[in-house]
Amino acid sequence: SFDPGKPTALVVSHEASTTGAPILALNLCQQLAADHNVIVLLLKGGPLRAEFQASAVALIQARRSFVNAKLVTRALKRASGGQAVQFALVNSVVSAPVLEPLRSQGIACLCLVHEFVTYIKPLDVFAEIGIWASRVVCSTPLTWNDVLRHCSHLANVPAAVLPQGRCQLPSSLSRKPTGKVEVLAPERDADSFLAQLPADALLVLGAGAVQPRKGVDLFVAAAQQIRLQAP
């Protein structure tokens, strides 16, 4: 419930999927909830929506990921009960479209940047961050240096490097599975696969979401080259 004695903070996540950036945004909501009224703004839903809602006094989800100043103003007025939003944590470059609407309301925005420029298109999104974010926060110097290498016009943008710390998995992901355990066919079983590998085999594993911006194309290309050289 909304506590008028606490300041109000806004946390923006581009989606509520069970991937890295949304889990970080959820962690921020859960920690802020101890001494803030937390409002969550999701540009897109996902499996973690209920977890976000459980740690917030209100949750706003954009229709078809579309936002503008008028829609954000109206939604925040309803969600905050008329109380001023003290600041916003805008997580990920992908959430950049909300920066201008929030700043137009006089809300200070910290934009948390985790992405490398290579897999974000168009590059204009980084200019949006440079113009509208009150401050850019990167988790590593490598990340911000990569941005400056491709967008040198952002050299004077206020930026800070702050390691994000440990991510706590949501309870929906950390629970042990219940019910029947699936037994895979022998050709798909990991133990069987490992047992038949030669002792001197080099095994390369990949983990994470299968998306082009995660570098899956490079992983497949490298595997193809290895097969050509050492069939």
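Of all the residues in the stretch 209-223, those that are without any contact (Cβ under 8 Å) to a residue 40 or more places away in the chain, open to solvent by less than 50 Å² (accessible area, probe 1.4 Å) and within 24 Å of I23 (Cα to Cα) number 1. Restricting to the stretch 51-70, name every residue that is open to solvent by 70 Å² or more (accessible area, probe 1.4 Å) and farther than 18 Å from D3 by Cβ. Within the stretch 51-70, Q61, R63, R64, F66, K70 qualify. The one condition from (1) buried (at least 20 other Cβ atoms within 10 Å of the Cβ); (2) of a type in the set (A, V, I, L, M); (3) under 19 Å from S17 (Cα atoms); (4) in contact (Cβ under 8 Å) with a residue 60 or more places away in the chain that V93 does not meet is (4). Filtering the stretch 115-159 to residues that are among the β-branched types (V, I, T) and assigned to a strand (DSSP E or B) leaves V136, V137.
Starting from residues that are touching a residue at least 40 places away in the same chain (Cβ under 8 Å) and not small (G, A, S), keep the ones in the stretch 131-171 and report whichever is farthest from T18 (Cα to Cα). Per the stated criteria, the residue is Q164. Filtering the stretch 17-33 to residues that are modelled with pLDDT of 95 or more and small (G, A, S) leaves A25, A33. In the stretch 19-28, which residues are of a type outside the set (A, V, I, L, M) and over 18 Å from S65 (Cβ atoms)? G20, N27, listed by residue number. Sort out which residues of the stretch 166-197 are closer than 30 Å to Q53 by Cα, exposed (fewer than 10 other Cβ atoms within 10 Å of the Cβ) and at pLDDT 80 or above, and write them in order of number. Once the filter is applied, which keeps residues that are closer than 30 Å to Q53 by Cα, exposed (fewer than 10 other Cβ atoms within 10 Å of the Cβ) and at pLDDT 80 or above, the stretch 166-197 yields only R166.
With the requirement that a residue be free of Cβ contacts under 8 Å to residues at least 60 places away in the same chain, open to solvent by 40 Å² or more (accessible area, probe 1.4 Å) and under 18 Å from V93 (Cβ atoms), what does the stretch 1-45 give you? Answer for the stretch 1-45, where residues must be free of Cβ contacts under 8 Å to residues at least 60 places away in the same chain, open to solvent by 40 Å² or more (accessible area, probe 1.4 Å) and under 18 Å from V93 (Cβ atoms): just K44. In the stretch 49-71, what residues are in a loop (DSSP other than H, G, I, E, B) and within 17 Å of L10 (Cα to Cα)? Residues satisfying the conditions are S55, A56, V57, A62, V67, N68.
The values are calculated or read from the model by the stated rules, or taken from the named source; none is laboratory data. These numbers come from a predicted model, not from an experiment. Neighbour counts are summed over all protein chains in view; Cβ atoms, including those assigned to glycine, are modelled from backbone coordinates with ideal geometry. Just so you know, the surface numbers come from the protein's heavy atoms only, side chains and all, with ligands and any DNA or RNA stripped out. Shrake-Rupley method; radii C 1.70, N 1.55, O 1.52, S 1.80 Å.
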